[in-house]
1. Give segment 7-39 a look and list any residue that's of a type in the set (A, V, I, L, M, F, W, C) and in a helix (DSSP H, G or I), or say none.
2. If you check ALA222 against the conditions, is it surrounded by 20 or more Cβ atoms within 10 Å (Cβ to Cβ) and either in contact with a strand residue (DSSP E or B) (Cβ under 8 Å, 6 or more places away or on another chain) or within 20 Å of VAL79 (Cβ to Cβ) (or both)?
3. Surrounded by fewer than 24 Cβ atoms within 10 Å (Cβ to Cβ) and part of a helix (DSSP H, G or I) - does that describe any residue in segment 399-418?
4. Looking at GLU344, GLU349, which one is within 16 Å of the ligand (Cβ to nearest atom), charged (D, E, K, R) and touching a strand residue (DSSP E or B) at 6+ places or on another chain (Cβ under 6 Å)?
5. Need pairs with beta-carbon distance below 9 Å; first residue closer than 17 Å to THR239 by Cα and within segment 33-54, second among the aliphatic types (A, V, I, L, M) and in a helix (DSSP H, G or I); sequence gap 6+ or separate chains.
6. Find the residue count for segment 68-91, including only residues that are part of a strand (DSSP E or B) and among the hydrophobic types (A, V, I, L, M, F, W, C).
7. Select from segment 47-67 the residues that are in contact with a Phe, Trp or Tyr (Cβ under 9 Å, 6 or more places away or on another chain) and in a loop (DSSP other than H, G, I, E, B) and write down the one among them that is nearest to TRP392 (Cα to Cα).
8. One residue is enough: does segment 325-342 have a residue meeting the conditions in contact with a Ser or Thr (Cβ under 8 Å, 6 or more places away or on another chain), in a helix (DSSP H, G or I) and under 24 Å from TRP206 (Cα atoms)?
Amino acid sequence: MPQDTITVTDNRTGQSYTLPVENGTIRAMDMRKIKTGPGDFGLMTYDPAFMNTASCKSAITFIDGDKGILRYRGYPIEVLAENCTYLEVAYLLLFGELPNEAQLKDWVHDITHHTMLHETTKKFMEGFRDNAHPMAMLVSTVAALSAVYPDAKNIHDPETRLLQIKRLLGKVPSIAAFSYRHLVGFPYIYPDNDLTYTENFMNMLWKMVEPKYLAHPVLARALDILFILHADHEQNCSTNAMRAVGSAQADPYLATAAAAAALSGPLHGGANEEVLRMLDEIGSKENIPDYIEKIKAGKGRLMGFGHRVYKNFDPRATIIKRTAESVFEVTGPNEKLDIALELERIALEDEYFIQRKLYPNVDFYSGIIYQAMGFKPEMFTVLFAIPRTVGWLAQWQEMLTDPEQKIARPRQIWIGNDTREFVPMDKRGK
Ligand code: ACO
């Protein structure tokens, strides 16, 4: 008997089956051999919310949730956050290797020269209501790019794919900044090619009448680090949406819009906005114990706590906490941080949170930093979507070039009625 197999006995029939085990996994399709008779469809697995199902093989991002490890293409997140720029990490995620000096120069040049939006896209954005949520504007405008770049449909051509990737990485910050300017009623600011990726984004957000906007270098670097931390996170909800929509061979603008839509949910990228609301609701340190009791009684969740895969700590949260210190040295002390630190301390000592392995996730501190830097809470999820765009695109490309992937199409367990007699309207009662 080969060692890398598992033998299961079907007690319904008494028959045994030996199934191969590869990478600690059995193929769900192998279960279909397990039947009670020739008319039987075969055994399926039932896994709502994909709690224990691998949907792909991937070489992009590695997470060990129990040990609190996160690596992009084999490099620990801590090392990348310390030594790289966001665009360098974006290159790594997409191409699998860190760029050399010449490659990075070309890459930065290419992304920088794709930051302009077509004027019709600008006009499209102007059509939103003045109080439109920036995330809704981002999702819709990214989808609308599909109409601007019809060549994007040619998803099987690597060169066309790369062009759309550069366009998306260049344009998403511009769309994000325009959506913010729209919300606050300021004129849109065009990109400035002299600036780095994050400096230019800050320029498009905050430039007023000065001839040139120069971001504070500490804040620009902090944002760059936050972008690195958010660049990819393997098969999360939005990445799964990207892969699922992309598997139908929709173009990358539409698939990215679908991924961004998934990210907007409060249980996913929307959590950082919720953390700020929660800290406002708590108001002061004295109210924390009561608030925690309320959560433990099942009235709501501690936003920014808990994670589907990290059951020890979220390594991104540790780096963010350090980044927060450098930001607050520039922006001054922050009362919300004091409440957050105390909330974290109390929660980490509480049996409820210990038992359920609930630790602060990436969103717990990111919102506080963003607010101190001058971002409105409505922008927080947008600030997540900008850097995650590269993760979605790297995963999309990996999916398209994986010969095992097909259109994503789960099965269901039917729990509804068997065939029923049709009831005419006059017999349906009142
Ligand atoms: N506060 C209080 N209790 C919680 C929390 C929380 N934040 N998170 C989970 N729990 C409890 C649940 O009530 C459940 O308790 P029970 O066993 O008594 O019923 C237990 O912990 C397990 O929770 P699940 O919902 O099964 O865990 P799951 O892995 O499905 O959920 C999630 C993960 C969605 C992140 C959850 O922890 C949550 O809602 N957190 C708050 C929202 C948040 O911060 N989201 C950001 C995630 S990070 C990201 O997307 C970038």
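The values are calculated or read from the model by the stated rules, or taken from the named source; none is laboratory data. Note that the coordinates shown come from a computational prediction; the quantities given were computed from them, not determined experimentally. Here the Cβ positions follow ideal geometry from the backbone for every residue, glycine too, while neighbour counts run over all protein chains shown.
1. Those that are of a type in the set (A, V, I, L, M, F, W, C) and in a helix (DSSP H, G or I): ALA28, MET29, MET31.
2. Yes; evaluated as a whole, the condition is true for this residue.
3. Within segment 399-418, one or more residues are surrounded by fewer than 24 Cβ atoms within 10 Å (Cβ to Cβ) and part of a helix (DSSP H, G or I).
4. Exactly one of GLU344, GLU349 is within 16 Å of the ligand (Cβ to nearest atom), charged (D, E, K, R) and touching a strand residue (DSSP E or B) at 6+ places or on another chain (Cβ under 6 Å), namely GLU344.
5. As it stands, the answer is THR53/ALA28, since those pairs meet every condition given.
6. Total meeting the criteria: 2.
7. ILE60
8. no
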